[in-house]
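First up is the structure itself, then whatever we jot down about it.
The values are calculated or read from the model by the stated rules, or taken from the named source; none is laboratory data. Just so it is clear, the structure is predicted and the values come from calculations on it, not from any experiment. For neighbour counting, all protein chains shown are included, and Cβ atoms are generated from backbone atoms with ideal geometry for every residue, glycine included. With ligands, DNA and RNA removed, areas are computed over all heavy atoms of the protein, side chains included. Shrake-Rupley method; radii C 1.70, N 1.55, O 1.52, S 1.80 Å.
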Amino acid sequence: MAIRILLRMLFREVISGFSFCAVLVLLSVSALAQDDVIVSSESAPIHHSLKVILDPQSQSIAVEDTVTLPDSMLGSSLNFSLNSNLRISNNARRLQALAADPASDLPGINNTGGLAAATTTYSIAPPRRNSNQLLLIYDGTIFDPAEQTSAEYAQSFAESSGIIAEQGVYLHRGSAWIPEFDGDLITFDLRVEFIDSAASWTAVSQGDRLDDKGWQSDQPMEEVYLVAADFTEYSQQVDDVEVLAYLRNPDQNLATKYMDATGRYLALYEPLLGEYPYSKFALIENFWETGYGMPSFTLLGEQVIRFPFILESSYPHEILHNWWGNGVYPDYATGNWSEGLTAYLADHLFQEMDGLGHEYRKEMLARYKNYVADAVDFPLAQFTSRNSAASQAVGYGKTLMLWHMLRVRLGDKLFLMGLRQFYEDFKFRRATFQDIALHFSTLSGEDLTPFFSQWVDRTGAPELSISVEEVIGNRARIMFAQIQAEEPYTLRVPVALYYEGSDTPEIYDIDISQRLEGVMADNYDQLQAVLVDPFFDVFRTLDREETPPTIG
């Protein structure tokens, strides 16, 4: 029996390039409130009150850290880790060194196989009765010259576990310069002094500016950054956000270009996703080539920031990370979803606005085919950060396609409504792929957990073939086959039917879940071509005829 094709028309990219943004801007906050998710309260995070003295010439740091512990951590001895080069000098309560851990890799959005310094684990008695504060005073040197960690990966920047030098200061979680008690989120306030030879230096961190020497965040953070050098500071106000540029050499024109671009991107993303989560955003020029996005600032190398294309490519990507990755935090143990979402709403979106979104997605699929062999493939649930072309093709490209397939499945309005509510519900919290699946399932009224499980937990990709033959009554039987070695996927595949005398194809969505399935179409004698997934909307292995020969 003929199977009537009664399927909705696929969203076409021949519509106005700005329609995606227009849909986003028109979303109302009241519409988002209809499906509010009740978020359970969480215990207060550890707070670090830090007084820091930096001596770049001697590569040294001295810290006084008043640690305020939540009630849940009181009553028994505590363990924490600290950089092995730092010596605790105050008479802390029954402090005892337990073990030493060597340098290692560090997951995170700013790490391409990132580095973490060697640490020492300590045990310390809990605070005295009627107190929840510990005082730790320590000092030492931190100097790990930046080195490229992945020679075969063309986009790999040099990495450092932390450096204090005459060229500048870069400290992050991998530097282990702050005692880490439980690896969970923290709050902080930070004041920095410099010795006389660096008296003109400026220190920058995430969060809110206290004064010319201090920063703080009352919002939970994954880590505390400390960047410093002899900067020239530029500033302008964009609504409630202070927009800053810190350059190593004065350049008003360059600073203005970046600050103006910051204002444009905030004006784009706030109506789409929700209020920018910080009181400032800063461009900071680094003393080696980096492309990092931190909460409320980005750290770019001195050559990188002068490439003209950065303003329209990498820069909006790093600003957008303040929503995804530095606003809502990935749970790295279950997979980093934020890089793919950020790439989808930055790099891909700008291509889509120019009518080239399908070409961008095709390139993502080509990278997967070119770089990801069976031996180096892995599920999205294991992606933390990129350290090779293969890990980028999976962690960025496949995740990007997951978000795109979700958007096509739900439609623009529901998809973007869901993103806004997801950001609101999980801001300054960790979120997993499972959280995302449950969130969109609740919003859509459809159980999306099998959809997410298929793309997050499996390796590989579906590979499709098609055959068309005439049957009785001038009808066409279109047969779809999944020819990959693995089990069949459950797919919704757009199919374009090109008929004689028509300039545009008829496009339908076909649901397939078996190794071999078919549908019927009318007017076989006028059917000139059948294209499967013509706009590259499905994550799959490209056919040989879809890609030219490449060297990867």
Q | Every residue from the range 291-323 that is closer than 18 Å to GLU222 by Cβ and touching a residue at least 60 places away in the same chain (Cβ under 8 Å) | A | TYR292, GLY293, MET294, PRO295, SER296, PHE297, LEU299, HIS321, TRP323
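I'm checking my understanding of the structure. Among residues of the range 377-398 that are of a type in the set (S, T, N, Q) and assigned to a helix (DSSP H, G or I), which one is least open to solvent (accessible area, probe 1.4 Å)? Reasoning before the result, please.
Just the residues of the range 377-398 that are of a type in the set (S, T, N, Q), to begin with: 382, 384-385, 387-388, 391-392.
The next check asks that each one be assigned to a helix (DSSP H, G or I); those that pass are 382, 391-392.
Values: GLN382: 125, SER391: 7, GLN392: 23 Å².
Only one residue tops the list, namely SER391.
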Q. If you check every pair at least six apart or on different chains, which have Cβ atoms under 9 Å apart with a residue in the range 151-164 that is surrounded by fewer than 14 Cβ atoms within 10 Å (Cβ to Cβ) first and a residue that is modelled with pLDDT of 80 or more second?
A. GLU152/SER388; GLU152/ALA389; ALA154/ALA389; GLN155/GLY291; GLN155/ARG386; GLN155/ALA389; GLN155/GLN392
(Q) I need a count of the residues in the range 465-485 that are open to solvent by 70 Å² or more (accessible area, probe 1.4 Å) and part of a strand (DSSP E or B). (A) 3
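Can you confirm whether GLY174 is at pLDDT below 95 and assigned to a helix (DSSP H, G or I)?
Yes.
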(Q) Checking ASP240 against (1) over 30 Å from VAL67 (Cα atoms); (2) charged (D, E, K, R); (3) in contact with a helix residue (DSSP H, G or I) (Cβ under 8 Å, 6 or more places away or on another chain): exactly one of these is not met. Which one? (A) (3)
Q. In the range 97-138, which residue that is touching a Phe, Trp or Tyr at 6+ places or on another chain (Cβ under 6 Å) and part of a loop (DSSP other than H, G, I, E, B) is modelled with the lowest pLDDT?
A. ASN110
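If you take the residues of the range 177-214 that are outside any strand (DSSP E or B) and among the charged types (D, E, K, R), which of them is nearest to THR121 (Cα to Cα)?
Initially, the range 177-214 is screened for residues outside any strand (DSSP E or B), giving 177-179, 181-185, 195-201, 205-207, 212-213.
Subset that is among the charged types (D, E, K, R): 182, 184, 196, 212-213.
Working: ASP182: 12, ASP184: 16, ASP196: 33, ASP212: 34, LYS213: 30 Å.
This residue is ASP182.
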Q: Can you run down the residue pairs with Cβ atoms below 8 Å, 6 or more apart or on separate chains, where the first is in the range 190-218 and open to solvent by 60 Å² or more (accessible area, probe 1.4 Å) and the partner is among the polar types (S, T, N, Q) and assigned to a strand (DSSP E or B)?
A: LEU210/GLN216; ASP212/THR202; ASP218/THR187
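Please work out which residue is least open to solvent (accessible area, probe 1.4 Å), limiting yourself to the range 436-452 and to residues that are assigned to a helix (DSSP H, G or I) and without any contact (Cβ under 8 Å) to a residue 12 or more places away in the chain.
SER441
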Q: Go through the range 333-376 and count every residue that is surrounded by 17 or more Cβ atoms within 10 Å (Cβ to Cβ) and assigned to a loop (DSSP other than H, G, I, E, B).
A: 4
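Would you point out the residue of the range 399-432, among those that are part of a helix (DSSP H, G or I) and in contact with a Pro (Cβ under 9 Å, 6 or more places away or on another chain), that is most open to solvent (accessible area, probe 1.4 Å)? Give the derivation first.
In the first step, residues of the range 399-432 are kept if they are part of a helix (DSSP H, G or I); the result is 399-410, 412-426.
Next cut, in contact with a Pro (Cβ under 9 Å, 6 or more places away or on another chain) only: 408, 423.
Working: VAL408: 32, TYR423: 2 Å².
Among residues in the range 399-432 that are part of a helix (DSSP H, G or I) and in contact with a Pro (Cβ under 9 Å, 6 or more places away or on another chain), the one most open to solvent (accessible area, probe 1.4 Å) is VAL408.
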Q | Which numbered condition GLU223 misses (of (1) over 22 Å from the mean Cα position of the chain (by Cα); (2) in a loop (DSSP other than H, G, I, E, B); (3) at pLDDT 95 or above) | A | (1)
**Q.** Scope the range 488-505; condition within 20 Å of ARG475 (Cα to Cα), assigned to a strand (DSSP E or B) and open to solvent by 70 Å² or more (accessible area, probe 1.4 Å); matching residues
**A.** TYR498
Q) Where in the range 1-96 are the strands (runs of 3 or more DSSP E), entirely inside, with at least 2 residues that are of a type in the set (S, T, N, Q) and modelled with pLDDT of 90 or more? A) 60-68, 78-83
Q: Please give the number of the condition ILE186 fails out of (1) within 21 Å of GLU64 (Cα to Cα); (2) at pLDDT below 95.
A: (2)
Q.
Can you tell me which residue is surrounded by the fewest Cβ atoms within 10 Å (Cβ to Cβ) among those in the range 58-75 that are without any contact (Cβ under 8 Å) to a residue 60 or more places away in the chain and over 32 Å from the mean Cα position of the chain (by Cα)?
A. GLY75
**Q.** Residue that is farthest from ILE478 (Cα to Cα) [pool: residues in the range 510-552 that are touching a helix residue (DSSP H, G or I) at 6+ places or on another chain (Cβ under 9 Å) and of a type in the set (S, T, N, Q)]
**A.** THR550
